[in-house]
Amino acid sequence: MSGKVAKAGGHAGAGDLLALVRSGRATTRGALQQATGLSRATVGQRLDRLFRAGWLREGAGGPVDSPLGGRPSITLEFDDDHAVVLAADLDTRHARAAVLSLTGEIQAEHSGPLAVEDGPDAVLDRLGRWFAALLEKTGRRADAVCGIGLAVPGPVDTDTGRVVQPPIMPGWDGYDIRVRLARAFAEHADGSADTPVLVDNDANLMAYGEQRAGYPDCTAFALVKVSTGIGAGVVVGGTIYRGIDGGAGDIGHIRVPDGSDALCRCGAYGCLAAVASGGAVARRLAGAGVPAASGSDVRDLLTAGHPEAAALAREAGRRVGEVLATVVTLLNPGVLMIAGDLAGTPFLTGVRELLYQRALPRSTAHLEVVTARLGERAALVGAGALVVEHLYGPERAEERLAALGV
Ligand SMILES: [Zn+2]
């Protein structure tokens, strides 16, 4: 949500008015005057800038009663058709990309094999090609793209958009993803090489997408993604909580008891991801003669009701649940969502067994433990929303209006 409240006392700018309209808190000129304390003339001037930029339009609903009395007022709404967002979600072996509307509807989508281990140059170039083809499908021009959002399976320094020592992204450490992806977009789609690119961890963006779509009133929301690795995203007060170094939620590399002989992809022994991820379950299955090499293979086996896969997923759920007891006690979230390849009844059952046994009743009394709703599209939707909230948030909106010369 666009959290910032317009400042009282006449200092609210066009970006603040936009935030009020977008959030639905004030959608007429009268309501904007009341919310900001600005005069009718000043509200009019600021709205004119937003109309000239094409960001705001008069609503189709017709006039409504003005809160200040007098003439009924025309409702205002965010023009969600004046631009589009590009988003991509990189997994270790495949990726998904889409063109999204500013309100998050997917307008064109593509998914296919794409290996992060091929390195950032090749992968980001390919994404540029995908974006070009997707844009062509929607009939939108490259100059309609306001920004690009990218979800990656590793820890991200969101100030620079670079991944930091990612255990499962060889060759990506410190790479300038923003510049390379904007260049790939420019080369293949004939877009601007200055297009803003936002990069974030996939679990963060899944949490953001799912919270906004399904639990907008939940002020403390946690999501755990269990696929090839294990990661978590936390959304507090409608904002992704990243911690001071972007390390919040990186629970996959917590050392767990009895896991000391399991080598993790990060190079250490005994990490939670080494004993309870989709990859770990796949290795156990392969050891028992069941063909499985990755989290997605395990997902297919679970879908088919494979009994050994189900038993191992439940055991993995118990191990993750033990760590989640601490997470839940610390955060006291309203919703704990389980997502990723292992998300399903056996894993969830295992999580619940340990969670309710280990966490204090007070921190689980109102907790909903649920599976994902947006499923495979959660990170895409979250990445798109992150870009829109960034670009149309009060501060950035002012800068962009100035740059547009309106
Ligand atoms: Zn590890």
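Fully extending the segment from A60 to S101 would add 12.9 nm, taking 0.36 nm per residue of separation and subtracting the current Cα-Cα distance.
Per atom type, the chain shows carbon and sulfur on 49% of its accessible surface, probed at 1.4 Å.
Set the Förster radius R0 to 41 Å, insert the Cβ-Cβ distance between A144 and E117 as r into 1/(1 + (r/R0)^6), and round the FRET efficiency to 0.05. Working from the Cβ atoms, E equals 0.80.
Counting only heavy atoms of the protein chains and using a 1.4 Å probe, L76 has close to 10 Å² of accessible surface. Under the rule a/c < 1.5 gives rounded, and otherwise a/b versus b/c splits prolate from oblate, where does segment 304-386 land using the Cα gyration tensor? It is oblate, given that a/c is not under 1.5 and a/b is not larger than b/c.
Counting heavy atoms of the protein chains alone, K137 has an accessible area of about 150 Å² for a 1.4 Å probe.
Using θ = phi - 60° in the Karplus curve 6.51 cos²θ - 1.76 cosθ + 1.60, the 3J(HN,Hα) couplings for segment 115-129 round to 9, 4, 5, 5, x, x, 4, 5, 5, 6, 4, 4, 4, x, 5 Hz; x is entered for Gly and Pro. About its Cα centre, segment 215-375 has a charge dipole of approximately 120 debye under the convention of +1 per Lys or Arg Cβ and -1 per Asp or Glu Cβ, with nothing else charged.
Taking the average, over residues, of other Cβ atoms within 10 Å as the packing measure, peptides 90-98, 167-175 rank 90-98, 167-175 from highest down. Spin-label model, D176 to R129: label points 7 Å out along the Cα-to-beta-carbon direction sit 2.4 nm apart.
Assuming R0 = 41 Å, can you tell me the calculated FRET efficiency for the pair D48 and Y356, based on Cβ-Cβ distance, to the nearest 0.05? So the FRET efficiency works out to roughly 0.15. Here the calculated FRET efficiency for H11 and D217, from their Cβ-Cβ distance with R0 = 35 Å, stands at 0.75, rounded to the nearest 0.05. Computed from point charges on the beta carbon alone (+1 for Lys and Arg, -1 for Asp and Glu), the dipole magnitude for the chain about its Cα centre is near 820 Debye.
Accessible area per residue (1.4 Å probe, heavy atoms of protein chains only) ranks F51, F221 as F51, F221, with the largest value leading. In terms of its C-alpha gyration tensor, segment 215-375 comes out prolate, because a/c is 1.5 or above and the ratio a/b outweighs b/c. Between S39 and D80, the distance separating the two model label sites (each 7 Å from Cα on the Cα→Cβ line) works out to 3.6 nm. Prolate is the label for the chain, because the ratio a/c of its alpha-carbon gyration tensor axes (a ≥ b ≥ c) is 1.5 or higher and a/b is greater than b/c. Amide hydrogen proximity for A372: with H placed 1.01 Å from N in the peptide plane, the residues at 5 or more positions away or on another chain lying under 5 Å are I338.
The values are calculated or read from the model by the stated rules, or taken from the named source; none is laboratory data. Computed from a predicted structure; not experimentally measured. Ideal geometry is used to build each Cβ from the backbone, glycine not excepted, and the neighbour counts take in all protein chains shown. Note: areas computed on protein heavy atoms with side chains; ligands, DNA, RNA excluded. Shrake-Rupley method; radii C 1.70, N 1.55, O 1.52, S 1.80 Å.
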